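Below: one structure, written as structure tokens.
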Amino acid sequence: MLSLTCPHCGPRDETEFSCGGESHIERPGVEASDETWADYLFVRDNPRGVTFERWHHRFGCGAWFNVARDTVSHEIKTVYPMGAPRPTTP
Amino acid sequence: MMQRYSFLSLAGHALRGHRAWPQAWRSPQPKPAYDVVIVGGGGHGLATAYYLAKNHGVRNVAVFEKGWIGGGNTGRNTTVVRSNYLFPESARFYDHSLKLYEGLSRELNFNIMLSQRGMVTLAHSRHDIDAQRRWANAMRINGIDSDLLTREDVRRLVPRLDYAPDARLPVLGGFTQPRAGTARHDAVAWGYARAADALGVDIIQNCEVTGFDIGADGVRAVKTSLGLIGVGRVGLAVAGHSSVLARTLGFRLPVQSYALQAMVSEPIKPLLDTVVLSPSAGIYVSQSDKGELVIGGGLDLYASYAQRGNLPTAEQVIAGLITLFPSFSRLRMLRQWAGVVDVVHDSTPILGRSPVPGVFLNCGWGTGGFKAIPAGGWCFAHLLAKNESHPLATGFGLDRFTSGALIDEAAASGIAH
């Protein structure tokens, strides 16, 4: 069971949250090529190690926030707000 | 020379106290170079090596496996085989796989313990009934066996379900694919390994591929923990770790890795002789030859490379099981584990060229790679030998994500992930 720290509500069990997938993906403009569009829709970093992802406090305050998490140990490195740049993690 | 397994060889070895059985396959040192190197000694990698040698006469082949063969998802799935897919492309492919499974014990001279006990998909609502009528009829149009079931039919096949008037998930009917069933997953890996080895394929275990040497004309060598190995072509068949190898090759994939868990109960006397799937409960269950109930469910819904599985999903799966079968509530669970699966948006595999010349992809099987092993190997061998897609897998290339020609089986995978 993960314990995630919601920026508003503090530490809560993972069952209160849902994961919104990889963060820091920017929507391309309407003139984007098919390749750029496919990249945006489907292609992901999917790292073995630290990943940057969005989480949603779905059964709580409803806030979205970013999490840096290790995909092997599941250790949560840091929690940071939506819109903030990708942090440097150890 | 491969020793043929037969009643006579068994009797002969029994008289000698079973002390003279030869190794089922060699453990060779790698040669300096191969025509084809397959990365990943799971079912798909080993089947590919076998069909390269058998169907295409390409025998200078090595399979590199960082652990032991069949130790990844091939040994971690719930052993279900079926071809109850919705769209014609998938139906053709997966039914070819099931047909190969039907002849595989004889083909490989290795008992894969195929048991075509059927798979019953349950309908718990009017919507389920309508959707399953469409599904079962689509299968028939595609030439695959399917039968719609009434509530009484289901009751006859699976008497232990909850048929009480106040059941949380009332059983209104369902449908079945009678040719679906289970096969011994380890035996599939071992059978293909032994047969490929007999045709000259080198199976190199405990040897990790860590990178690639790429020249102007494409891949030249693979870097392994046993040194640099020259190659003509490389096939990647590493399931949930495909993105990791893609990164070393300089490209990214439309793949997300998740943990998919499964569990078995303590062994009990025979009480379930079919595979039961309930999309509404989010679980499926069968009983193994040892008597254990083998239970699977949905994905752990965040990215993971951990072969563990989280507790909330395990709890959800167990809750689904006892909602369907209240009498299972006293059973103790014996083991629980997870495999790292490679999920793509349309739940259709990726079988095709990679952006690096000479490197080919076999991935994107998501939660359903085991049933696809024979056809996956068959078509991947064709691709590696001829540098063109097999007719059964023409729509499965990476280019579909750009062209938009997705084959969206996501809804047809049985479990909503």
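The values are calculated or read from the model by the stated rules, or taken from the named source; none is laboratory data. Everything quoted here is computed from the prediction, not taken from an experiment. In this analysis, Cβ positions are derived from the backbone assuming ideal geometry, glycine residues included, and neighbour counts consider all displayed protein chains. All accessible areas refer to the heavy atoms of the entire protein, side chains included, with ligands and DNA or RNA removed. Shrake-Rupley method; radii C 1.70, N 1.55, O 1.52, S 1.80 Å.
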Output the strands (runs of 3 or more DSSP E) that fall wholly within the stretch A:1-85 and possess 2 or more residues being within 13 Å of another protein chain (Cβ to nearest Cβ), or say none. A:3-6, A:10-13, A:18-22, A:50-56, A:64-70
Which number in (1) more than 14 Å from chain A (Cβ to nearest Cβ); (2) open to solvent by 10 Å² or more (accessible area, probe 1.4 Å); (3) within 26 Å of residue B:128 (Cα to Cα); (4) modelled with pLDDT of 95 or more marks the one condition that residue B:319 misses? (1)
Residues that are open to solvent by less than 50 Å² (accessible area, probe 1.4 Å) and either touching a residue at least 60 places away in the same chain (Cβ under 8 Å) or acidic (Asp, Glu) (or both): which helices (runs of 4 or more DSSP H) entirely in the stretch B:98-190 hold 3 or more of them? B:104-108
Being within 14 Å of another protein chain (Cβ to nearest Cβ) and either assigned to a strand (DSSP E or B) or touching a Phe, Trp or Tyr at 6+ places or on another chain (Cβ under 6 Å) (or both), is that true of even one residue in the stretch B:285-298? yes
Which condition from (1) within 30 Å of residue B:305 (Cα to Cα); (2) in contact (Cβ under 8 Å) with a residue 40 or more places away in the chain is the one that residue B:71 breaks? (2)
Residues in the stretch A:14-47 that are out of contact with any strand residue (DSSP E or B) (no Cβ under 9 Å at 6 or more places or on another chain) and either open to solvent by 50 Å² or more (accessible area, probe 1.4 Å) or not hydrophobic (A, V, I, L, M, F, W, C) (or both) total 15
Do any residues in the stretch B:393-407 that are at the interface with another protein chain (Cβ under 9 Å from one of its Cβ atoms) and over 14 Å from residue B:349 (Cβ atoms) have Cβ atoms under 6 Å from those of residues that are modelled with pLDDT of 95 or more and open to solvent by 10 Å² or more (accessible area, probe 1.4 Å), where the two are at least six apart or on different chains, and which pairs are they? B:402/A:34; B:402/A:35
For residue B:3, work out the one condition from (1) out of contact with any Pro (no Cβ under 8 Å at 6 or more places or on another chain); (2) part of a loop (DSSP other than H, G, I, E, B); (3) not assigned by the TED database to the domain that holds residue B:232 it doesn't fulfil. (1)
Given the conditions (1) hydroxyl-bearing (Ser, Thr, Tyr); (2) closer than 20 Å to residue B:184 by Cα; (3) open to solvent by less than 20 Å² (accessible area, probe 1.4 Å), and given that residue B:79 satisfies all but one, which numbered condition is not satisfied? (3)
